[in-house]
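Peer 1: Just dropping this structure here.
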Amino acid sequence: MKVAQKYSHLNGEEYLIVHHQKEYEEIIGVISQIDADAHKTKVSDEKGRKGDLLYSPSTLNADFKRKLQDLGWAERRRDFYVSTDFEIVNKIEPLDFKAQKAFLEEIGHPLHSSYNQTDFIKNKIGIEVQFGKYFAVTYDLFVKHLSFYSGQIINLGIEILPTKAMQQSMSSGPPWFEKEIHNVMRHGRTNPPVPLLILGVEP
């Protein structure tokens, strides 16, 4: 596979090039090692495409996972407490889980916990690979990457998506690069407030 298109949000790619060239080369290397044709194994049941072979999101994700984990990229979970009070949210968001709990107990705030989990993190770079459902990308870009960034676990989020050219050979539902970039752009140049590099890949 190859990177056909890319979008650097808040100088995400520039940050990678200056501070994490090795990790950037690893990511591009993994993408180039994926044989997309080997994952064209899903038999379509959709009207008008019944019997066609489509790219399988599950095996593509598994291939990325195996190759990235071999290079030391690992899943990471971030636990946190939630509040509906704006001032409290701003105070606890930069704190670790233990410090959040201590602060909330001190002020008598209810302890309601939750968590985010990201696919891969290495040296404060987070990666999400999305060949599944389109709605997961919005959550990644506007919630998950931002949560890990606010918690000082990552300095940059990377999203890997199929381009429209590839998505057309997948079942209905997967995201596509061009649409997701449009969604980011219409929110304005500084939203989400986290540096991102969004990569559109295809065979």
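Only the coordinates and a few stated rules stand behind these numbers; no lab work does. Just so we're clear, the structure is a prediction, and the values are computed from it rather than from any experiment. Using ideal geometry, Cβ is built from the backbone for each residue, glycine included, and neighbour counts are taken over all protein chains shown.
Peer 1: Go ahead and set up a Gaussian network model of the chain, Cα springs under 10 Å, then flag whichever of ASN116, ASN155, ASN183 fluctuates most.
Peer 2: With Cα springs under 10 Å in the chain, the top fluctuation among ASN116, ASN155, ASN183 is at ASN183.
Peer 1: Moving on to the next point. Give me PHE135, PHE97 ranked fewest to most by other Cβ atoms within 10 Å of their Cβ, as a rough exposure proxy. Mind dumping the intermediate values first?
Peer 2: Details: PHE135 11, PHE97 15.
If I rank by nearby Cβ atoms, fewest first, I get PHE135, PHE97.
Peer 1: Here is a further query. For ASN11 and GLU106, FRET efficiency with R0 = 45 Å and r from the beta-carbon atoms, rounded to 0.05?
Peer 2: 0.75
Peer 1: Going Cα to Cα from LYS47, which lysines come in below 16 Å? Please leave out same-chain ones fewer than 8 positions away.
Peer 2: Once the sequence-local lysines are set aside, nothing remains near LYS47.
Peer 1: Greater than 20 Å separation of Cα atoms is the criterion. Which listed pairs, LYS40/LYS179; LYS22/LYS65; LYS22/LYS164, meet it?
Peer 2: LYS40/LYS179; LYS22/LYS164
Peer 1: Now a separate question. So what's the net charge close to ALA74: Lys and Arg +1, Asp and Glu -1, counting the other residues with Cβ under 12 Å from its Cβ?
Peer 2: +1
Peer 1: Please report Rg (one decimal) and Dmax (integer) in Å for the Cα set of the chain.
Peer 2: Here Rg and the maximum Cα pair distance are 18.5, 61 Å.
Peer 1: Calculate the tail of P(r) for region 29-123: the fraction of all Cα-Cα distances greater than 21 Å, expressed in %.
Peer 2: Counting pairs separated by more than 21 Å, the tail of P(r) holds 58 percent.
Peer 1: Once you list every other residue whose beta carbon is under 14 Å from the beta carbon of PRO110, what net charge do they have if Lys and Arg are +1 and Asp and Glu are -1? Spell out each step's value before the answer.
Peer 2: Values: positive: LYS101; negative: ASP85, GLU105, GLU106.
Here the charged neighbours net out to -2.
Peer 1: Rank LYS179, LYS47, LYS101 by mean-square fluctuation in a GNM of the chain with C-alpha springs under 10 angstrom and give only the top-ranked residue.
Peer 2: Evaluated over the chain, the most mobile residue of the options is LYS47.
Peer 1: In addition: Quick one: angle between helix 21-33 and the longest Cα principal axis of the chain, in degrees between 0 and 90, rounded to 10, please.
Peer 2: Computed tilt is about 30 degrees.
Peer 1: Sticking with this one: Apply the Karplus curve 6.51 cos²θ - 1.76 cosθ + 1.60, θ = phi - 60°, to the phi angles in region 186-197 and return the couplings in whole Hz, x for Gly and Pro.
Peer 2: Couplings: 6, 7, x, 6, 10, 10, x, x, 8, x, 9, 10 Hz.
Peer 1: Over region 1-140, what is the mean sequence separation of C-alpha contacts under 8 Å (at least six apart), divided by residue count, expressed as relative contact order in percent?
Peer 2: Reported as a whole number, the value is 19 percent.
Peer 1: Let me ask another. With the crude spin-label approximation of a point 7 Å out along Cα→Cβ, what separation in nm comes out for ARG77 versus LYS22?
Peer 2: Distance between the two pseudo-spin positions: 2.9 nm.
Peer 1: Still on this structure, I have one more. Return the aspartates and glutamates within reach of LYS91: Cα separation strictly under 16 angstrom, same-chain partners fewer than 8 residues apart disregarded; answer none if there are no such residues.
Peer 2: ASP79, GLU105, GLU106
Peer 1: Work out from phi, with θ = phi - 60° and the Karplus expression 6.51 cos²θ - 1.76 cosθ + 1.60, the ³J(HN,Hα) of each residue of region 52-65, listed in order in whole Hz, and give x for Gly and Pro.
Peer 2: Values, residue by residue: 5, 8, 10, 5, 8, x, 5, 6, 4, 4, 5, 5, 4, 4 Hz.
Peer 1: Here's something else I'd like to know. Give the dimensionless ratio obtained when the Cα radius of gyration of region 1-75 is divided by 2.2 N^0.38 Å.
Peer 2: Computed over Cα atoms of region 1-75, the ratio equals 1.40.
Peer 1: Test of understanding: in a Gaussian network model of the chain with alpha carbons linked when under 10 Å, which of LEU146, LEU68, LEU53 would top the mean-square fluctuation ranking?
Peer 2: LEU53
Peer 1: May I pose another question? Return the sequence-ordered ³J(HN,Hα) values of region 100-105 in whole Hz as given by the Karplus equation 6.51 cos²θ - 1.76 cosθ + 1.60 applied to θ = phi - 60°, using x for Gly and Pro.
Peer 2: Result, ordered by residue: 4, 4, 4, 5, 5, 5 Hz.
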